[in-house]
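Report on one structure; see the data block that follows.
The values are calculated or read from the model by the stated rules, or taken from the named source; none is laboratory data. All values derive from a computational prediction rather than experimental measurement. Because the Cβ atoms are built from the backbone with ideal geometry, glycine has one as well, and the counts that use them run over all protein chains shown. When the accessible area is computed, the model is the full protein with side chains, heavy atoms only, and any ligands, DNA or RNA have been set aside. Shrake-Rupley method; radii C 1.70, N 1.55, O 1.52, S 1.80 Å.
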Amino acid sequence: MALRNIREEGDSILLKKCRLVTDFNRRLHTLLDDMKETLLEADGVGLAAPQVGVLRRAVIVMDTNKEDLSPEEQMIELVNPVIIEEDGEQTGQEGCLSVPGVYGIVKRPGHVVVQAQDRFGNFFKVEGTGLTARCFCHEIDHLDGHLFTERAERILTQEELQELQEKDE
Ligand code: ZN
C-alpha cells in the first residue's frame, strides 16, 4: 500500500466525469487499498478516486455511525456506486479533503440507499443516515466532477470556523 497525493481545488481532474470500473483486477485492488491508507492518514470520512487523480468510479466511505468499529472496519469500498433511493432532508456543514480549510452549509437527503459493486464485482446495497448519507452523496458527486462548494447554500465565515474549532478543542 502507498499513500497517494490528494488533488486540491483548482486541479481540473476534480471537475471531470469518471468512467465505470469494468476490470476488477489487481490494479483496482491496489487503488482501493491506497485510497484507504490515504483516507486514514488524512483523517477524513470519505475519499473518491478522482481526488487521487484516477478517473474511475470508486469511492471509500467511513460508516461513522458504527462507533464500536475501528476506523479500518468502518471503511466501505464502493465501486460504480449509484444512489437508488433517497428520502428526508438534512442541512449541515460539509468539508472536503480537496478543499482544505473551507466548510459550507449543504442540504442533503437524510437517508440514502446505494447500490454498488465490491472489489470483485459483486453487487451489494448499503444504506446510510446522518453523516454517512451525507458522505455517500458527497463522494458520488465527486465521480461526476462536482464539489460541495457548488452545492453549498453558503460558505462558513472565518468567525464561524473559529467557533467550530474552539468547540472541537
Ligand atoms: Zn470531497
Q: Write out, first by first residue and then by second, each pair whose Cβ atoms fall under 6 Å of each other, whose residues are 6+ apart or on separate chains, and whose first residue, in segment 82-97, is at positive phi while the second is in a strand (DSSP E or B) and more than 16 Å from the ligand (Cβ to nearest atom).
A: G88/H111
Q.
If the requirement is being in a helix (DSSP H, G or I) and either among the charged types (D, E, K, R) or without any contact (Cβ under 8 Å) to a residue 12 or more places away in the chain (or both), which of these qualifies: E72, E67?
A. E72
Q: Report, ordered by the first and then the second residue, all pairs with beta carbons closer than 6 Å, sequence separation of six or more or different chains, a first member in segment 132-154 that is more than 12 Å from V99 (Cβ to Cβ), and a second member that is assigned to a helix (DSSP H, G or I) and of a type outside the set (F, W, Y).
A: G145/L15
Q. If you go through segment 17-53 one residue at a time, how many are free of Cβ contacts under 8 Å to residues at least 12 places away in the same chain and assigned to a loop (DSSP other than H, G, I, E, B)?
A. 4
Q: Select from segment 84-103 the residues that are over 24 Å from T38 (Cβ atoms) and not charged (D, E, K, R) and list them in ascending order.
A: I84, G88, Q90, T91, G92
Q) Looking at G130, is it more than 16 Å from the ligand (Cβ to nearest atom), under 26 Å from K16 (Cα atoms) and among the small types (G, A, S)? A) no
**Q.** Sole residue being open to solvent by less than 60 Å² (accessible area, probe 1.4 Å), touching a Lys or Arg at 6+ places or on another chain (Cβ under 8 Å) and among the basic types (K, R), chosen from R134, R119
**A.** R134
Q: Kindly establish whether K125 is open to solvent by 60 Å² or more (accessible area, probe 1.4 Å), within 26 Å of Q162 (Cβ to Cβ) and among the charged types (D, E, K, R).
A: no
**Q.** Candidates L39, L14, L32 - the one that is more than 16 Å from the ligand (Cβ to nearest atom), open to solvent by less than 60 Å² (accessible area, probe 1.4 Å), hydrophobic (A, V, I, L, M, F, W, C) and within 14 Å of the chain's Cα centre (by Cα)
**A.** L32
Q. Residue check: is Q90 polar (S, T, N, Q), over 21 Å from N122 (Cβ atoms) and either open to solvent by 80 Å² or more (accessible area, probe 1.4 Å) or out of contact with any strand residue (DSSP E or B) (no Cβ under 7 Å at 6 or more places or on another chain) (or both)?
A. no
**Q.** Qualifying residues in segment 98-110 (those that are without any contact (Cβ under 8 Å) to a residue 40 or more places away in the chain and surrounded by 18 or more Cβ atoms within 10 Å (Cβ to Cβ)) - the one nearest to the chain's Cα centre (by Cα)
**A.** R108
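Quick grid of which residues meet (1) crowded, with 16+ Cβ neighbours inside 10 Å; (2) of a type outside the set (K, R); (3) more than 16 Å from the ligand (Cβ to nearest atom):
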| position | (1), (2), (3) |
| --- | --- |
| Q51 | yes, yes, no |
| V59 | yes, yes, no |
| E67 | no, yes, yes |
| E85 | no, yes, yes |
| V113 | yes, yes, yes |
